Amino acid sequence: MSIEVKNLLKEYGEQKAVNNISFEVKQGEIVGFLGPNGAGKSTTMKIITGYLAQTGGEAYVCGINVAEQPLEAKKKIGYLPELNALYYDMYVKEYLGFVAEVHGLPNKKEAIAKAIETVGLALEAKKKIGQLSKGYKQRVGLAAALIHNPEVLILDEPTSGLDPNQIVEIREVIKKQGLNKTVLFSSHILQEVEAMCERVIIINKGNIVADDTINHLLKNKYQSELRLEIKEVVDASIFEDIQNCTAINSHIWLFRTDNPEALKRRLLEISLAKNLNIISLQTGNTSSLEDVFRNLTKSE
Ligand code: ADP
Ligand code: MG
């Protein structure tokens, strides 16, 4: 297992910022860590990366207990913190050289060149960090996280604050990394998680409220939708035995259901009985990840 978190607890006074959570990430997975602000994402990530001590429970990276062997664990981890502090006065290469030095890399020059190439920084590599756009600053952060070729990448809101083009570019870099590394990245943007990974862990108020593939979350837990278009104008009363029925206009009706096949049969029966001409009858999965997310994280 690349990442293993067991009954992890972090208390700030009375508050349980992380409340006894457990999850695993297998080698080679890209997993989205999703949750609203204040949910406990950064806290969890700081503990996994050894930058914060937990109140209880354990975190392992590549089988190494992070609290017990922080230096060994850190060799396996590339970490991009949420508010990544960079030295704006340093040149890109100079900064990466400094990071390579900290890691005690034997072949610094090669490692720097490789990191620069991986994150697409070549054209900006001679500039001072302070001169770079936000997207390129983030690439510097990523390059620094990658420079020691870690097995596991922990990225805390890697695209936050970037413009749409920069977001797409950073996502591409991360996706590429996911081909041969384990990646856990946090986000509060649902589309992002949908675009980048198959599996998502959703955290809310320190508790894990979902840990599943996106497909599974969308399919099983929530309803699908049937859209019926008919030629005739009919009264809602003809669908009276069906719940969750909404008229979109005089010809189009929407039905929400957990059992689309049964509902389809029922609608066909009604149409036959009432002599209705069906123009179309379509199934759709209405619940976007956004619905799922809102349902799981809404405040009581
Ligand atoms: P997220 O990254 O999901 O937005 P955080 O992990 O940063 O959430 O924070 C989780 C909760 O813990 C929040 O309610 C936050 O206010 C609280 N918290 C985080 N750091 C501290 C701290 N150093 N002292 C007190 N409370 C904190
Ligand atoms: Mg955070």
Restricting to Cα pairs under 8 Å and 6 or more apart, the percent relative contact order of the chain works out to 20 percent
For the range 18-68, calculate the relative contact order in percent as a whole number, restricting contacts to Cα pairs under 8 Å that are 6 or more residues apart.
26 percent
Rounded accessible area per residue of the chain, 1.4 Å, Å²
51 Å²
In the structure displayed, which of 114/205; 10/74; 10/114; 10/76; 16/128; 10/298 lie more than 32 Å apart, Cα to Cα?
114/205; 10/114; 16/128
Per-residue SASA entry for residue 1, accessible area with 1.4 Å probe, Å² rounded to 10:
100 Å²
So how strong a dipole does the range 168-300 carry about its Cα centre when Lys and Arg Cβ are +1 and Asp and Glu Cβ are -1, to the nearest 20 debye?
320 debye
Cα-based equivalent ellipsoid of the range 126-282: semi-axis lengths in Å, sorted from largest, via gyration tensor
49, 18, 13
At R0 = 51 Å, how high is the FRET efficiency between residue 94 and residue 298 if r is their beta carbon distance? Nearest 0.05 is fine.
0.60
Report, ordered by chain and residue number, the aspartates and glutamates lying within cross-link reach of residue 46, taken as a straight Cα distance under 12 Å and ignoring same-chain residues fewer than 8 apart.
82, 156
One point scatterer per Cα, no solvent, Debye formula: log10 I(q)/I(0) for the chain at q = 0.07, 0.12 Å⁻¹ comes out as -0.38, -0.81
To the nearest 20 Debye, how big is the dipole of the range 129-204 about its Cα centre, given +1 on the beta carbon of each Lys and Arg and -1 on that of each Asp and Glu?
200 debye
Residue (of 268, 202, 160) at the positive-pole extreme of the chain, dipole from beta-carbon charges
160
Let's see if you can work this out: charge +1 on each Lys and Arg Cβ, -1 on each Asp and Glu Cβ, no other charges. What is the dipole magnitude of the chain about its Cα centre, in debye to the nearest 20?
780 debye
Largest first and to the nearest Å, give the Cα extent of the range 95-146 along each principal axis.
30, 17, 17
So for R0 = 41 Å, FRET eff. of residue 14-residue 123 from the Cβ-Cβ r, to 0.05, ends up at 0.25
Does the range 1-67 classify as rounded, prolate or oblate by the C-alpha gyration tensor (a ≥ b ≥ c root eigenvalues; a/c under 1.5 gives rounded; else a/b over b/c gives prolate, otherwise oblate)?
oblate
Using a cut-off of under 18 Å, list every residue of the range 176-197 whose amide N is near the label point 7 Å from the Cα of residue 37 along the Cα-to-beta-carbon line.
186-191
Euclidean distance between Cα centres, the range 220-270 to the range 44-93, Å:
52 Å
How big is D for the range 27-123, in µm² s⁻¹ as a whole number, if Stokes-Einstein is applied with the Kirkwood radius of its Cα pairs at 37 °C and 0.692 mPa s?
210 µm²/s
In nm, to one decimal, how far is the modelled label at residue 51 from the one at residue 207, with both set 7 Å along Cα→Cβ?
2.8 nm
Rounded to the nearest 0.05, what FRET efficiency do residue 198 and residue 75 have when you use their Cβ-Cβ distance and R0 = 25 Å?
0.35
Carbon + sulfur, % of accessible area of the range 1-127 - ligands and nucleic acids excluded, 1.4 Å
50 percent
Cut-off 14 Å between beta-carbons: net charge of the residues surrounding residue 22, Lys and Arg +1, Asp and Glu -1
-2
The farthest towards the positive end of the charge dipole of the chain, of the residues 105, 67, 138, given +1 on Cβ of Lys and Arg and -1 on Cβ of Asp and Glu, is 105
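The values are calculated or read from the model by the stated rules, or taken from the named source; none is laboratory data. Note that the structure is a prediction, hence the values are computed from the model and not measured. Heads up, the Cβs are rebuilt from the backbone with ideal geometry, glycines too, and the neighbour counts pull from every protein chain shown. Heads up: the accessible areas ignore ligands, DNA and RNA and are worked out on the full protein's heavy atoms, side chains in. Shrake-Rupley method; radii C 1.70, N 1.55, O 1.52, S 1.80 Å.
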